[in-house]
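K.L.:
Before anything else, here's the structure in question.
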Amino acid sequence: MQKKKVLINLFLVVAIIIIALTGIYVVAQNIPVAFAMELDGNEYDQVFLENIQVLAKDNYGADINISAQKELLYDINLQKLGYVYDFSVNEEKGYAIVICTFGEFEVAEVFFNTKNPYNSLNDCKRIYVCDMTYLYFAEDSYYFAKTNELLNQDLLDSLREVAHFGSYDDLTYESETINFSSKSEDTYQLAKKHPYLIGSDSFPDGCAAVTGANIIQFWDRYKTNLIPNYNPGSSLASNYLYYGKSATTDKLTSDLFYDMETNSTGVGATIDQFKTGMEKYVKRNGNYQISYNSCMSAGNFDYNIAKNYIDNGWPIALFLSMFNVVTIKTQNNSDNLSIKISKYNHTMTAFGYKDITYTLTNGTKRNDKYLVVATGIKDLTTGYFNISYKTNIKDAFGVQIN
């Protein structure tokens, strides 16, 4: 098996457009390539074509005929993940799988002289889990693609732990480059690695329970009876590193899901249900008291109040309609932002802040205000939340447990 992750070049985009418009042979890097009409020139096709040209040339030499068609692939939650490409090189069959997870396109598998594992399937949804793990969904059940063996719930849950997933709540993607002559940062985090627990498909609309679980795990470092027989993290020099998802934290999330009476209203847990559920849990586990300290002022989120609570050691529960998660990469005098945006309601936990003031290359000032968050989303567990960009903060409060 050979794999390769690629970037798309302009020449390739032009070649794909010609293919999509004509459906006939074209010449790309001196290789004649024929495609079925199903290839329409989208980003998956572009990644597939660039890879298959390079790999086929490596395996078969320069004189190559390539033809291909594709079928839609889903993730284990039945969301679009990518395509399986059934191709021929000099009439010898092979297949490739191209997926997109959180805006990143990659070739997950390429096999030459090998039968497409989904080839014999008809009326079903083809599912790609991870390397060499192929399922399909038909008649409300999951089956292995190669053996038609029915999967039970325990096996499905195990596969979800290692699976690739497509978009979360129809996330959209943006990017921005900030060129600056100088910048200053006011930044602080409650731990070197803060809690970053995620939800489970067994608990739909459970983001409030995950937020609660992240907060409980944080406080268990200091209030050790909150999570029975559990160590939430470890010290490294002067830093503290919280552990990730485990059977114990899954039970914690499950307990909070029911304590909050999640989905009794059909829209997940309300803010009042979140607070009541957290109170039930801390009372039952250690007989602790919990207090909520509002970050709102005159109905609006007050960033300075939130920063003050974090400085005092309190994580922040955020209740949002629309939200963003930002990653920041600094190179020379540029910050490159990758921004994921959802239009849906969500709940996250803030464990720090990053307040950046730029002096831009044109001399103007720019101030970006972020919270350091645990998102509760698989494959996007942590990042920065821009408090002012395509979001509405419905409520936010620092959470203290004594």
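K.L.:
Structure shown: which of LYS183/LYS354; LYS307/LYS390; LYS275/LYS369; LYS280/LYS378 lie over 23 Å apart, alpha-carbon to alpha-carbon?
P.N.:
Over 23 Å Cα-Cα: LYS275/LYS369; LYS280/LYS378.
K.L.:
Separation of the range 146-168 and the range 244-299 by C-alpha centroid, Å?
P.N.:
Computed from Cα coordinates, the inter-centre distance equals 29 Å.
K.L.:
Go through LEU73, LEU360 and list them by solvent-accessible area, largest first, probe radius 1.4 Å.
P.N.:
Result, largest first: LEU360, LEU73.
K.L.:
Oh, and also: Whose amide H sits under 5 Å from the amide H of LYS183, counting only residues 5 or more places off or on another chain, with H placed in the peptide plane?
P.N.:
THR359
K.L.:
Same structure again: Give me the net charge of TYR240's neighbourhood, meaning all other residues with Cβ under 11 Å from the Cβ of TYR240; Lys, Arg count +1, Asp, Glu -1.
P.N.:
Result for the neighbourhood of TYR240: +3.
K.L.:
Can you run phi through the Karplus equation (6.51, -1.76, 1.60; θ = phi - 60°) for the range 47-58 and list ³J(HN,Hα) in whole Hz, with x for Gly and Pro?
P.N.:
With the stated coefficients, the range 47-58 comes to 5, 4, 5, 4, 5, 5, 4, 5, 5, 5, 5, 5 Hz.
K.L.:
Taking amide H positions as placed 1.01 Å from N in the peptide plane, with prolines and chain starts having none, which residues 5 or more places from CYS124, or on another chain, fall under 5 Å of its amide H?
P.N.:
It is none; the list stays empty.
K.L.:
Same structure again: Tell me the per residue accessible area of the chain using a 1.4 Å probe; a whole number in Å² is fine.
P.N.:
About 47 Å² of surface per residue is accessible.
K.L.:
Over the Cα atoms of the chain, how large are the radius of gyration and the largest Cα-Cα distance (Dmax), in Å?
P.N.:
In Å, with Rg to one decimal and Dmax whole: 24.6, 75.
K.L.:
Right, something else. Give me the percent of accessible area attributable to carbon and sulfur for the range 287-345, probe 1.4 angstrom.
P.N.:
Result for the range 287-345: 41 percent of the exposed heavy-atom area is carbon or sulfur.
K.L.:
Could I ask something else about it? Have a look at SER291, ALA306, ALA350 and report the one farthest towards the positive end of the charge dipole of the range 245-351, computed about the Cα centre with Cβ charges (Lys/Arg +1, Asp/Glu -1).
P.N.:
Positive-most Cα among the choices belongs to ALA350.
K.L.:
Same structure again: I'd like the distance separating the alpha-carbon centroids of the range 307-322 and the range 336-359, in whole Å.
P.N.:
Taking the Cα centre of the range 336-359 as reference, the centre of the range 307-322 is 12 Å away.
K.L.:
Just grab the label-to-label distance for THR330 and MET296, each label 7 Å out from Cα along the Cβ direction, in nm (one decimal).
P.N.:
So the label points at THR330 and MET296 sit 3.5 nm apart.
K.L.:
Using modelled backbone amide H atoms (1.01 Å from N, in-plane), which distant-in-sequence or interchain residues come within less than 5 Å of GLY268's amide H?
P.N.:
For GLY268, the qualifying residues are ASN263.
K.L.:
Modelled label-to-label distance, LEU155 and GLN289, 7 Å Cα→beta-carbon offset: nm?
P.N.:
5.3 nm
K.L.:
If I model a spin label as a point 7 Å beyond the Cα along the Cα-Cβ vector, how far apart are those points for ASP58 and ASN90 in nm?
P.N.:
It works out to 1.7 nm between the two label points.
K.L.:
To continue, here is another question. Quick check: with the 1.4 Å probe, what order do THR211, THR147 take by accessible area, largest first?
P.N.:
My answer, sorted largest first, is THR147, THR211.
K.L.:
Over all directions, the average projected area of the alpha-carbon convex hull for the range 296-397 comes to how many nm²?
P.N.:
Value for the range 296-397: 7.2 nm².
K.L.:
Right, something else. Using θ = phi - 60° and the Karplus form 6.51 cos²θ - 1.76 cosθ + 1.60, what ³J(HN,Hα) does each residue of the range 373-380 get, whole Hz, x for Gly and Pro?
P.N.:
These are the phi-based 3J(HN,Hα) values: 10, 9, 7, x, 10, 4, 6, 8 Hz.
K.L.:
For the range 201-333, what D do you get in µm² per second when you plug the Kirkwood radius from alpha-carbon pairs into Stokes-Einstein at 20 °C and 1.002 mPa s?
P.N.:
Answer, rounded: 130 µm²/s.
K.L.:
Please identify which residues in the range 129-157 have an amide N closer than 11 Å to a label point set 7 Å out from the Cα of SER120, following the Cα→Cβ vector.
P.N.:
145-149
K.L.:
Right, something else. Short version: ³J(HN,Hα) in whole Hz for each residue of the range 92-100, in order, from phi by Karplus 6.51 cos²θ - 1.76 cosθ + 1.60 (θ = phi - 60°), x for Gly and Pro, what are they?
P.N.:
So the J values, rounded to whole Hz, are 9, 6, x, 8, 9, 10, 10, 10, 10.
K.L.:
Show me the GluC sites (Glu not before Pro) within the range 125-194 that DSSP assigns to loop and that have at most 15 other Cβ atoms within 10 Å of their Cβ.
P.N.:
Of the GluC sites (Glu not before Pro), the ones in loops of the range 125-194 whose Cβ has at most 15 other Cβ atoms within 10 Å are GLU139, GLU149, GLU161.
K.L.:
Compute the length gained on full extension between ASP140 and THR361: take 0.36 nm times their separation in residues and subtract their Cα-Cα distance, giving the result in nm to one decimal.
P.N.:
This chain segment gains 73.9 nm when fully extended.
The values are calculated or read from the model by the stated rules, or taken from the named source; none is laboratory data. Since this is a predicted model, take the numbers as computed values, not measurements. A quick note on method: Cβ atoms are made from the backbone with ideal geometry, for glycine too, and the neighbour counts reach across all protein chains shown. The protein model used for the area step is the full one, side chains on, heavy atoms only, and it has no ligands, DNA or RNA in it. Shrake-Rupley method; radii C 1.70, N 1.55, O 1.52, S 1.80 Å.
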